[in-house]
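One structure below.
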Amino acid sequence: MQSGETHVELQALHRLGWSVSELAREFGLSRTTVYKELASPGPRRYGPRERPAALSDAQLIYVDRRLTVCPSIRGTDLYVELRAEYGYAGSYPAFQRQLRLLRPAVIRDPEIRFETDPGVQTQVDWAELGPWPLGDQTVELHAMVAILGCSRAPAVRFAIDETRPTSLERLAWCLHDLGGVTREVLTDRDPAFCIGQTADGAAILAPEWVDVAGVLGVVPRACRPYRAKTKGKVERMIREVKESFLAWLSGQPLPLHPTLVDYDAFARRWIEQIVFRRRHRTTERVVGEAWADERGRLRPIPDRIMASLGSPEIVPIPVSEDDRRLRRLGERVEVRDLAEYEQVAR
């Protein structure tokens, strides 16, 4: 394809007696290209390229709806949903190029994490998730997030407050969900775990937390002040809970009056379906497979300790065909004349 100016010059010089070879040398073109330009009445243009990985109308509507409901949804999660629910056959890079046109990319500073051996460290922190329905009310929902430092296997338990008793109870159940306890548990300087600091800046742990750690057989550790990235693994998982889990949850049919047990079950399903199947970019291992290897290094928590907490076990929520049907609602959009709405308004 040549510009219109080049096409005009080729035609004019050829009429003045220039040969095809002379034109090819002058403009740096092949003889075949010169022949085609001289035979064409106007500048040649390439036809539209085929786009086998382009999104269909139904897929575009679904992506637009998901971005409207949750603008921060991760592209990898949206890609998995499209493949599972709408049969999208394109590659993830092809989908990502189209997603950038619908949502500008957000550039974040990279985080540096320190790697630990299997069974050495668990990082724990609270995540504030904002208002969500609970029973017949709307409450500020909090999530206790724990993650194994080696395999990156997470556990999530929900609560409506971050008091010390609730924190210790939720933490114990997170460790139970992970399959046992590691050598140490790293937290921040949340009042639930720390009550102050010494003159040299060392954390003073809450007596209740020290007692629970002694019963569980773990070494409690606290981050240095203003060093949140010391526990960067759990900080990253908290971001995934806010960006990935909440987006995934917004696409699930919730019970009419959801309970904390329901949210725990949804989080467990998200971990099993999304997180465990993901290949971690730092460890380059599938999270579920790495967790299966690390579980052998964890010390199990005695049943008597878990029974004393009084918190129920997670009850899995089955996925019914009605759930899949509800997800497909709205994939067809009918454009109607404005006069019809005016008639209804009368």
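The values are calculated or read from the model by the stated rules, or taken from the named source; none is laboratory data. From a predicted model like this one, the values you see are computed outputs, not experimental measurements. Note that we place each Cβ from the backbone using ideal geometry, even for glycine, and neighbour counts take in every protein chain shown. SASA here: full protein model, heavy atoms, side chains in, ligands and nucleic acids out. Shrake-Rupley method; radii C 1.70, N 1.55, O 1.52, S 1.80 Å.
Worth pointing out:
- Annotation for the range 196-246: trypsin sites (Lys or Arg not before Pro) lying in DSSP loop with at most 16 further Cβ atoms inside 10 Å of their Cβ are Arg227.
- Binning the C-alpha pair distances of the range 53-181 at 10 Å intervals from 0 yields a P(r) profile of 10, 27, 27, 28, 7, 0 %, listed from the shortest bin outward.
- Efficiency of FRET between Ser40 and Ala84 - r from beta-carbon atoms, R0 41 angstrom, step 0.05: 0.30
- Judged by the mean number of other Cβ atoms found within 10 Å, the most tightly packed of the peptides 270-278, 201-209 leads the ranking 270-278, 201-209.
- Here the Karplus curve 6.51 cos²θ - 1.76 cosθ + 1.60, taken at θ = phi - 60°, turns the phi angles of the range 163-179 into couplings of 5, 5, x, 5, 4, 5, 5, 5, 5, 4, 6, 5, 5, 5, 5, 6, x Hz, with x standing for Gly and Pro.
- 1.4 Å probe accessible area per residue over the range 118-161, in Å²: 29
- Amide H within-cut-off set for Ala222, under 5 Å, with H built and near neighbours excluded: Thr187
- Length released on extending from Leu16 to Thr283, taking residue separation times 0.36 nm less the Cα-Cα span: 89.3 nm
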